[in-house]
Every structure is written in structure tokens, then in C-alpha cells.
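Engineer: Sending over a structure as C-alpha cells; questions will come in a sec.
What follows draws every value from the coordinates through simple rules; no lab data is involved. Note that this is a predicted model, so its numbers are computed, not measured. Cβ sites come from the backbone with ideal geometry, for glycine too, and all protein chains shown count toward neighbours.
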Amino acid sequence: MPVRGYLSVFAALLVLTVITVAVASLDLTESATVAVAVTIATVKATLVAMFFMHLKGERPMVFWSLGLTGILFAALFAFVLWTEGDRLAGTRFLDAFGSAPKTAPSEGGH
């Protein structure tokens, strides 16, 4: 790819960065702001992967392995969030004998 192509991708990345900053200053809901920012970040990551990492001309097998990696990462992330949800919902953890852990005795009391 000629230098002109790299410069145009670089310019697109700069414009997308400015758009991300501009969206953050808009009066949108928090979830809408995050959704727009993640969408722009995905476009930017795709541009970097396709042009600067030279994946544009790769065989489909490379994309299958990248897709599988993405699916496994999402599954791992979802599993961590799922298990953390137990603690956040107020589940009490028990010790090996089925009773709640005892707190340490206070110091200095006779």
C-alpha cells in the first residue's frame, strides 16, 4: 500500500478520535455515550488491523481464528461478570462446614 493510503487511514483515525471526544461532550445518556464510543473504537480498531497490521489481504483462515479468539474472550468476560454477580446480589459465602465465616474478635476488651 502506498504511503498515501497510510496517511489517509491515519487521517481517518484522527477524525474518529475527534468525533469520540465530541460525543463525550454531548448531552447524551451515559449508556448512549458509551455505545457510540465503543462503536467508534471498533471502527478504529478495524482500520488499524486491516491496514497497519496488513490483514486486508489475508486468507479467510486468519479471520476464522480471529473470530474464535473474539468469541472465547467474550465468553470468558461474560463468565467473570456472571460469577461476580453472585457476590453483588448479596450471596453469603460459607466456610467448609457450611456456616458463615466468623469475624475476628475485637482487640483490647477484657
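Engineer: Taking R0 as 22 Å, what FRET efficiency do you get between L16 and A74 from their Cβ-Cβ distance, rounded to the nearest 0.05?
Structural biologist: After rounding, the FRET efficiency stands at 0.45.
Engineer: With the crude spin-label approximation of a point 7 Å out along Cα→Cβ, what separation in nm comes out for E84 versus T46?
Structural biologist: Between E84 and T46, the label points sit 2.7 nm apart.
Engineer: Additional query: If eta is 1.567 mPa s and T is 4 °C, what Stokes-Einstein diffusion coefficient results for the range 1-57, Kirkwood Rh from Cα pairs, in µm²/s?
Structural biologist: 106
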